[in-house]
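K.L.:
Please see the structure below; I have some questions.
The values are calculated or read from the model by the stated rules, or taken from the named source; none is laboratory data. This is a predicted model, so every value here is computed, not measured. Quick reminder, even Gly has a Cβ in these numbers, built from the backbone with ideal geometry, and neighbours come from all protein chains shown.
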There are 2 protein chains.
Amino acid sequence: MNPTEEKILDAAEEIFMKKGYDGSRMQAIADLAGINKAMLHYYFRSKDKLFERIFETKFQGFFPTVETLINNENNFTDKVCTFAEQYTRFLIKNPYLPHFILNTIQKNPEFAKKLPHHIPQMLIMSYMEDCQNGLCKVMNPAQLFISIFGMCIAPFMGKPLFVSLLGANDEDFNELVEMRAVDIEEQIRAILKP
Amino acid sequence: MNPTEEKILDAAEEIFMKKGYDGSRMQAIADLAGINKAMLHYYFRSKDKLFERIFETKFQGFFPTVETLINNENNFTDKVCTFAEQYTRFLIKNPYLPHFILNTIQKNPEFAKKLPHHIPQMLIMSYMEDCQNGLCKVMNPAQLFISIFGMCIAPFMGKPLFVSLLGANDEDFNELVEMRAVDIEEQIRAILKP
DNA sequence: GTCTATATCTGGATAGAC
DNA sequence: GTCTATCCAGATATAGAC
């Protein structure tokens, strides 16, 4: 790919992720990319188009790859615990992702169209199976998934709150989230224990 | 209070809550209030000032009143379960609140200044006490609070996702969250069980 | 393909009549 | 206190030279 195009995409990603669509300025993206504003339009025509390009890419990354869940041939509880740990580690590297995705979708629900519906389907089946074998507590799977989703994104959604409430700095917080990647397993197992 | 002022505040609340600061237009607020743009400036001087006014009010509501937790003289687990249920019911009536608050703070961390630090302090002490009496599982209280926080806000942060993934409509979703106000207790108890 | 200059429009804010 | 008309900064987008 054209190196200029790539610089633009990198810059756009950083700005859009941090500030959202409304809060981002084409000038800021151009500055960060070290090129001129006109080039943005030359390569991507409009702010809308550029944003969509970034969103598409990031949106896919927001959902865990199916491999994570399938390649792990254990029972449902193991699957979910592995997922939660890996997903937390993934979000540590992409801390702005939950805010960016959820906020964009909330203001613009049509962005949620291309969702990977097969993932929850698959998980529900796996859960049901283990339930019938007495390996999991019986509950509404939707409530379960919402909780796990919340437990995974919470530290990144509320980071400024936690940092302030705990009187912590960025380093402390990173340490806390690193530990969380491990600690979260025990909490999920507790919820799922029959 | 002046009825015009009140109309403005109501309109501003609705627009700001849904669209955030950057996405909101003074014109939209004026239209919704059924008055002229100039009046907004007459009463609140600037968009910034008007926004801060709304944020201050909503920010306080985002944190549970201490009474909820203190008046309930039971053990820590009961306290937290009662809180989670009541807080979920509160958020059902204020579904945009988590997005609005967390997004504003993320883009503008100084808004997180006036946090009620005594609430977590109090909760931690209550948790520690019950731990020593063998009533709660021992864990990092920060991890516990992050999880409960996440479990409470998750449905409202991810509503468009869940609606789409579950093939649900708004009514189904409301029903799901109503049930959640009850179901969440069992999950929290499981996590806290020694 | 990259730049400068400029067109065009939008949105926050103000002036001034009533 | 409420309105209309207007100003002006800032943002997207385009024209056109190189």
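K.L.:
State whether the residues of the stretch B:80-93 include one that is modelled with pLDDT under 95 and either of a type in the set (Val, Ile, Thr) or not in a helix (DSSP H, G or I) (or both).
P.N.:
Yes, the stretch B:80-93 contains at least one residue that is modelled with pLDDT under 95 and either of a type in the set (Val, Ile, Thr) or not in a helix (DSSP H, G or I) (or both).
K.L.:
OK, next. Could you figure out which of (1) surrounded by 14 or more Cβ atoms within 10 Å (Cβ to Cβ); (2) away from DNA strand D (no atom under 15 Å from the Cβ) isn't true of A:Glu6?
P.N.:
Here A:Glu6 clears every test but (1).
K.L.:
Considering each of A:Phe55, A:Phe16 in turn, give the residue that is without any contact (Cβ under 8 Å) to a residue 60 or more places away in the chain and on the phi < 0 side of the Ramachandran plot. If you could, list the steps in order and put the result at the bottom.
P.N.:
Values: A:Phe16 fails: without any contact (Cβ under 8 Å) to a residue 60 or more places away in the chain.
After ruling out the rest, the residue left standing is A:Phe55.
K.L.:
Any residue in the stretch B:24-42 that is under 23 Å from B:Gln106 (Cα atoms), of a type outside the set (A, V, I, L, M) and out of contact with any Cys (no Cβ under 6 Å at 6 or more places or on another chain)? Walk me through how you get there before you give the answer.
P.N.:
So in the stretch B:24-42, the residues under 23 Å from B:Gln106 (Cα atoms) come out as B:24-26.
This time we only want the ones that are of a type outside the set (A, V, I, L, M), so: B:24-25.
Narrowing further to those that are out of contact with any Cys (no Cβ under 6 Å at 6 or more places or on another chain): B:24-25.
Yes, the stretch B:24-42 contains a residue that is under 23 Å from B:Gln106 (Cα atoms), of a type outside the set (A, V, I, L, M) and out of contact with any Cys (no Cβ under 6 Å at 6 or more places or on another chain).
K.L.:
Same structure again: Of the residues that make up the stretch A:33-47, is at least one more than 17 Å from the chain's Cα centre (by Cα), away from DNA strand C (no atom under 14 Å from the Cβ) and surrounded by 21 or more Cβ atoms within 10 Å (Cβ to Cβ)?
P.N.:
Step one: of the stretch A:33-47, the residues more than 17 Å from the chain's Cα centre (by Cα) are A:33-47.
Next, from what is left, pick out any that are away from DNA strand C (no atom under 14 Å from the Cβ): none.
Taking every residue of the stretch A:33-47 in turn, none turns out to be more than 17 Å from the chain's Cα centre (by Cα), away from DNA strand C (no atom under 14 Å from the Cβ) and surrounded by 21 or more Cβ atoms within 10 Å (Cβ to Cβ).
K.L.:
Residues to consider are A:Gly134, A:Gly167; find the one that is assigned to a loop (DSSP other than H, G, I, E, B) and more than 14 Å from chain B (Cβ to nearest Cβ). Break it down stepwise before answering.
P.N.:
On the way: A:Gly167 fails: more than 14 Å from chain B (Cβ to nearest Cβ).
That would be A:Gly134, the only listed residue that is assigned to a loop (DSSP other than H, G, I, E, B) and more than 14 Å from chain B (Cβ to nearest Cβ).
K.L.:
For residues in the stretch B:9-27 being more than 21 Å from B:Lys93 (Cα to Cα) and surrounded by fewer than 16 Cβ atoms within 10 Å (Cβ to Cβ), which is farthest from the chain's Cα centre (by Cα)? Steps first, please.
P.N.:
We begin by selecting, within the stretch B:9-27, every residue more than 21 Å from B:Lys93 (Cα to Cα); these are B:21-27.
Okay, now just the ones that are also surrounded by fewer than 16 Cβ atoms within 10 Å (Cβ to Cβ), so B:22, B:25, B:27.
On the way: B:Asp22: 20, B:Arg25: 24, B:Gln27: 27 Å.
Restricting to residues being more than 21 Å from B:Lys93 (Cα to Cα) and surrounded by fewer than 16 Cβ atoms within 10 Å (Cβ to Cβ), the top hit is B:Gln27.
K.L.:
Of everything in the stretch A:138-166, what is among the aromatic types (Phe, Trp, Tyr) and within 18 Å of B:Phe145 (Cβ to Cβ)? Give them in sequence order. Even if it seems obvious, please write down each step before you answer.
P.N.:
So the first thing to find is which residues in the stretch A:138-166 are among the aromatic types (Phe, Trp, Tyr), and the list is A:145, A:149, A:156, A:162.
Matches in the stretch A:138-166: A:Phe149, A:Phe156, A:Phe162.
K.L.:
Oh, and also: Among the numbered conditions (1) surrounded by 17 or more Cβ atoms within 10 Å (Cβ to Cβ); (2) closer than 26 Å to A:Phe55 by Cβ; (3) modelled with pLDDT under 95, tell me where A:Ser126 comes up short.
P.N.:
Answer for A:Ser126: the failing condition is (2).
K.L.:
I've got another one for you. Of all residues in the stretch A:53-62, how many are surrounded by 16 or more Cβ atoms within 10 Å (Cβ to Cβ) and over 11 Å from A:Ala11 (Cα atoms)? Quick ask: steps written out before the conclusion?
P.N.:
Here is the first cut: in the stretch A:53-62, the ones surrounded by 16 or more Cβ atoms within 10 Å (Cβ to Cβ) are A:53-55, A:58-59, A:62.
Adding the requirement that they be over 11 Å from A:Ala11 (Cα atoms) leaves A:53, A:55, A:58-59, A:62.
Qualifying residue count for the region: 5.
K.L.:
Return a yes/no flag: does the stretch A:151-164 have any residue that is surrounded by fewer than 18 Cβ atoms within 10 Å (Cβ to Cβ) and facing another protein chain (nearest Cβ under 7 Å).
P.N.:
yes
K.L.:
Right, another one. Does B:Gln106 fit the bill of being at the interface with another protein chain (Cβ under 9 Å from one of its Cβ atoms), crowded, with 18+ Cβ neighbours inside 10 Å, over 26 Å from B:Phe16 (Cβ atoms) and not acidic (Asp, Glu)? Steps first, please.
P.N.:
Details: at the interface with another protein chain (Cβ under 9 Å from one of its Cβ atoms): yes; crowded, with 18+ Cβ neighbours inside 10 Å: yes; over 26 Å from B:Phe16 (Cβ atoms): no; not acidic (Asp, Glu): yes.
No, not satisfied.
K.L.:
Additional query: Does B:Ala28 satisfy being within 16 Å of DNA strand D (Cβ to nearest atom), within 14 Å of chain A (Cβ to nearest Cβ) and small (Gly, Ala, Ser)? Lay out the reasoning, then the answer.
P.N.:
Details: within 16 Å of DNA strand D (Cβ to nearest atom): yes; within 14 Å of chain A (Cβ to nearest Cβ): yes; small (Gly, Ala, Ser): yes.
Yes: the conditions hold for B:Ala28.
K.L.:
Of the residues B:Phe111, B:Phe90, B:Phe100, B:Phe76, only one is surrounded by 21 or more Cβ atoms within 10 Å (Cβ to Cβ), among the aromatic types (Phe, Trp, Tyr) and closer than 23 Å to B:Phe16 by Cβ; which?
P.N.:
Values: B:Phe111 fails: surrounded by 21 or more Cβ atoms within 10 Å (Cβ to Cβ); B:Phe90 fails: surrounded by 21 or more Cβ atoms within 10 Å (Cβ to Cβ); B:Phe76 fails: closer than 23 Å to B:Phe16 by Cβ.
Result: B:Phe100 is the single residue among B:Phe111, B:Phe90, B:Phe100, B:Phe76 that is surrounded by 21 or more Cβ atoms within 10 Å (Cβ to Cβ), among the aromatic types (Phe, Trp, Tyr) and closer than 23 Å to B:Phe16 by Cβ.
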